[in-house]
Amino acid sequence: MTTRTLRVLVLGGYGAVGAPTTAALREAGHTCLTAGRDPHRADRPLDLTRPDDYRAALEGIDVVVNASGAEDPALAGIAADRGAAFVDATATTGYIARVERLTPRAPVLLSVGLAPGLTNLLAADLHAAHPGDDPIDVAVILGAGEAHGAAATAWTIGLIGRSFADPTTGEPVRNLSRGAVFDLPGQGRRRLLRADFSDQHTLTRDLGRPVRTHLGLDSPALTRGLGLLARLPGAGRLSKVPHLPGSDAWTVAARSGPHLRRARGRGQSRATALLTAHSVGLAAALPPGVHHLHRVTTLTDLPALPGITLDVTTRA
């Protein structure tokens with residue numbers, strides 16, 4: 001991990017994830033510039049659909065953080081051509097696959113947020129301590145009461161009515177169906193729903209064992225409601241999700257047999273921002289190519305981050 005001061009451009013740097021990422025980078029001593037369409041909030045006003053403007057905004061930049069929600073592999077490629085590392089926390093499987101096909105001239109670091117990101121580190125740590133070929137189940141429980149950003153909301157809505165290929169068998173899996181039960185110490189028994197987070201695809205390939213990711217909300221009732229919503233005809237055409245009752249508490253976990261790795265905290269956007277900001281220093285020290293967080297660092301190397309608690313459990 002580099003310790004030098006970096007010049008970082010945060011795309012969407014005044015958004016739900018971008019703003020706390022910018023704050024964390026500045027607190028760490030980096031020079032951080034925000035980019036976006038709003039000239040009143042962006043240090044470098046920028047329309048990402050205009051490649052020449054994007055290239056001009058990269059002048060003097062060491063690392064680009066994509067917190068805009070824009071999923072265009074060209075953003076990573078253009079940054080790399082200008083010698084800037086590129087960091088992206090997206091969870092979209094298809095976009096990750098397209099970025100992985102690049103041969104960038106600078107490092108591109110993916111899977112750097114909460115899920116994927118912290119989930120990757122939890123699963124990789126569990127695999128290293130307890131190798132085998134039995135499945136690893138990943139749990140992602142999000143606070144229904146948090147005001148999520150537009151990109152995160154659009155991603156969740158995009159799950160509804162869609163299927164994805166199971167990373168091990170290739171069989172179609174309908175999003176928000178086929179629940180798995182997790183017994184989480186202090187949190188009780190929770191039934192969660194399959195969801196197409198990119199971590200399960202990357203980890204199944206890299207660990208050589210089945211990995212399946214499951215989604216839920218902090219309220220069991222709302223989780224059941226999410227599963228019912230996904231079955232309604234036309235639900236995939238929703239344009240927004242109403243603000244729901246609940247807290248901002250989140251949990252991510254990886255489980256195999258009696259072994260559990262878990263992280264908890266409050267504020268999903270802030271946790272994603274802290275992990276993304278930490279990943280900026282990692283990315284700047286990497287060789288050219290496409291990387292994932294679990295390939296370049298480990299759970300034990302992760303510094304203490306405010307508001308994030310890690311647990312390791314083995315049930316008797």
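The values are calculated or read from the model by the stated rules, or taken from the named source; none is laboratory data. Remember, it's a predicted structure, so these values are computed and weren't measured experimentally. Don't worry about glycine lacking a Cβ; one is built from the backbone with ideal geometry, like all the others, and counts go over all protein chains shown. Note: areas computed on protein heavy atoms with side chains; ligands, DNA, RNA excluded. Shrake-Rupley method; radii C 1.70, N 1.55, O 1.52, S 1.80 Å.
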Legend entry - Label-point separation, Arg50 to Thr300 (7 Å along Cα→Cβ), nm: 5.1
Inset, instruction - Work out, step by step, the length gained on full extension between Arg41 and Thr309: first 0.36 nm times the residue separation, then minus their alpha carbon distance; give nm to one decimal. - result: 93.2 nm
Legend entry - Dimensions (Å) - the chain, Cα atoms, principal axes, largest first: 53, 43, 36
Inset, instruction - May I have the pair-distance distribution P(r) for segment 137-226, computed from all Cα-Cα distances with 10 Å bins from 0 and rounded to whole percent? - result: 16, 48, 31, 5
Inset, instruction - Please report, as a whole percent, how much of the solvent-accessible surface of segment 1-68 comes from carbon and sulfur atoms (probe radius 1.4 Å). - result: 47
Inset, instruction - Could you check which residue among His40, His127, His291 shows the biggest mean-square fluctuation in a GNM of the chain with a 10 Å Cα cutoff? - result: His40
Inset, instruction - With just the Cα atoms of segment 12-112, tell me how far they stretch along each of the three principal axes, in Å, largest first. - result: 35, 27, 23
Inset, instruction - Name the residues whose placed amide hydrogens come within less than 5 Å of the amide hydrogen of Gly113, ignoring near sequence neighbours (fewer than 5 apart) on the same chain. - result: Leu118
Legend entry - GNM flexibility winner over the chain from Ala85, Ala254, Ala24 (Cα, springs under 10 Å): Ala24
Legend entry - Kyte-Doolittle mean at least 0.5, axial Cα span of 20 Å or more - DSSP H helices of the chain: 268-284
Inset, instruction - Would you mind counting up the charge near Arg7? Only other residues with Cβ under 11 Å from its Cβ, with Lys and Arg at +1 and Asp and Glu at -1. - result: -1
Legend entry - GNM top mover of Ala23, Ala79, Ala221 - the chain, alpha-carbon springs below 10 Å: Ala221
Legend entry - Per residue accessible area of segment 28-97, 1.4 Å probe, in Å²: 42
Legend entry - Percent of alpha-carbon pairs separated by more than 16 Å within segment 67-122: 39
Inset, instruction - First measure r as the distance between the Cβ atoms of Arg205 and Glu59, then evaluate 1/(1 + (r/R0)^6) with R0 = 45 Å and state the FRET efficiency to the nearest 0.05. - result: 0.80
Legend entry - Amide H partners (placed H, <5 Å) of Leu33, local residues excluded: Val8, Leu9, Val10
Legend entry - Theoretical ellipticity at 222 nm over the chain - DSSP helices of four or more residues, -39500 (n - 2.57) apiece, nearest 500: -9000 deg cm²/dmol
Inset, instruction - With the Cα gyration tensor of segment 249-316 in hand, convert its eigenvalues to equivalent ellipsoid semi-axes via √(5λ) and list them largest first in whole Å. - result: 24, 17, 9
Inset, instruction - Give the carbon-plus-sulfur fraction of the accessible surface of segment 84-201 in %, rounded to a whole number; probe 1.4 Å, heavy atoms of protein chains only. - result: 52
Inset, instruction - Please work out the Cα center distance from segment 126-186 to segment 1-55, rounded to the nearest Å. - result: 29
Legend entry - Probe 1.4 Å, protein heavy atoms only - accessible area per residue of segment 152-234 in square angstrom: 45
Inset, instruction - About the Cα centre of the chain, how large is the charge dipole given +1 on each Lys and Arg Cβ and -1 on each Asp and Glu Cβ? Please answer in debye to the nearest 20. - result: 680
